[in-house]
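Undergrad: Please see the structure below; I have some questions.
The values are calculated or read from the model by the stated rules, or taken from the named source; none is laboratory data. Since we're looking at a predicted model, the values are computed, not measured. Here the Cβ positions follow ideal geometry from the backbone for every residue, glycine too, while neighbour counts run over all protein chains shown.
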Amino acid sequence: MNKKHLGFAINLVAIAVFIPGIFLSMFSLNMEMGVNLSGTSLSSELVSKDLSIIGTVKELWQQERWLVAFLIFAFSVLVPIIKTSLVSFVYFCKNQQLAKSTIKFVATIGKWSMADVFVVAVFLAVLSTNHADTAEQHQISFFGMKMAFELSTQTLSNVGEGFYYFVAYCLLSLIGTHFVFAGVNGVIREQITAE
């Protein structure tokens with residue numbers, strides 16, 4: 001199997017893992033606040049979310065944070081789809097000059113498609129808050145009585161299935177694109193030396 005065919009096959013697998021990667025939960029975030037007053041504990045869940053890329057874009061759009069929603073959608077969904085489509089086009093393209101021009105264009109937008117890796121890095125940064133606990137001692141005084149209480153928060157975050165699919169997409173897409181381009185460039189070099 002030559003590099004071009006291998007690269008195309010890897011890109012097909014990349015597309016297959018991309019779809020669940022953007023729809024399944026990237027991570028879950030739970031935040032809880034508790035108050036301990038004279039041995040009595042009260043707790044309340046402040047945040048409980050499962051966040052996928054598409055779900056995050058939708059939520060940001062509904063909150064009228066259009067720029068952030070657009071940027072996440074553009075770099076995590078649109079650019080990868082365009083890049084993968086163009087790599088597939090190069091695979092089937094018979095016109096070597098057009099294939100070479102498309103390769104140059106994909107190489108240019110490939111720099112922008114690294115933003116999808118940045119999105120994964122942002123999610124990892126959020127996950128670094130995993131099991132962050134804070135506890136503060138406070139004292140209130142009223143009518144000459146003093147009462148001590150403890151206020152605590154707990155943040156838990158876990159990686160979801162979508163995270164692994166998306167990371168797999170990023171890696172497979174890079175490898176597949178490399179092989180397709182290497183295969184096409186090899187064909188172009190062979191044609192030049194034959195002439």
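Undergrad: State which residue is modelled with the highest pLDDT when the search covers only region 106-131 and only residues that are among the β-branched types (Val, Ile, Thr) and over 16 Å from Ile15 (Cα atoms).
TA: Val106
Undergrad: How many of the residues in region 66-78 are of a type in the set (Val, Ile, Thr) and surrounded by fewer than 19 Cβ atoms within 10 Å (Cβ to Cβ)?
TA: Residues in region 66-78 being of a type in the set (Val, Ile, Thr) and surrounded by fewer than 19 Cβ atoms within 10 Å (Cβ to Cβ): 2 in total.
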